[in-house]
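Reading through the structure tokens given below for one structure.
We did not get these values from a lab; they are worked out from the coordinates using the rules stated. A quick note: this is a predicted structure, and the numbers were derived from the prediction, not measured. Please note: Cβ atoms are built from the backbone with ideal geometry, for glycine as well, and neighbour counts cover all protein chains shown.
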Amino acid sequence: MKQILTKSSKKLTIAVSALTLVLASCGTMGTGTGGADVLGSILGSATNQGTITNVITSVLGMDKPSETQLIGTWRYSGPGCAFTSDNLLAKAGGEVAATEIKDKIHTYYQQIGINNQNTFITFTEDKTFSGKIDGKSINGKYTYDAKSGQLTLKTLLFYANGYVKRNGMNGIAILFESKKLLTLLQTISTLSGNSTAQAIGDLSKNYDGVRIGFDMTR
């Protein structure tokens, strides 16, 4: 009896095939690690479609919300992280590194006090926003470019440029360069000189093209 592939299983097959082709064409990577070994280590833990999807969408710019989709209230659900490279190999390897970074940032966010109850943001149709970070109120104006995913927040206290990417059906990530995130947290939480906040800025020094911030859900 013929099996009919669903759209999801087709996407999974295409993703694995694409990664295989890229790795085969690259030959070796890093210090003597063969492409096949890299593929095995990446896909060894990718035992379901969700993991493969995360691998493919862990790069900034892959899935950007429209301006209409951005409107509404978003609450903090965890640390956010994405790579800027659009190379398939970087996406696949990036998910492993992104998980490590998120785990570390989660510890720092906990120490600062950021949680689902005290960190949220509301975007309105009239280009204004309001919310809280670590319980500290923020409000001002924003601009959003749906084509690039670039988001600019303007308040009396700070001016922050970041990016927005979609996380599944009901989530987004609001991401910044690590130094800009550090400045934002220091400004909002008056944490200048705090070693915990400084650690966030130091965290991504060994990761080129990383953006970090907040995963948000409705």
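Details
- At R0 = 22 Å, FRET efficiency that the Cβ-Cβ distance of Thr107 and Asp134 yields, to 0.05: 0.90
- Taking segment 116-131 and a reference point 7 angstrom along Cα→Cβ of Lys141, the backbone N atoms nearer than 20 Å belong to 122-131.
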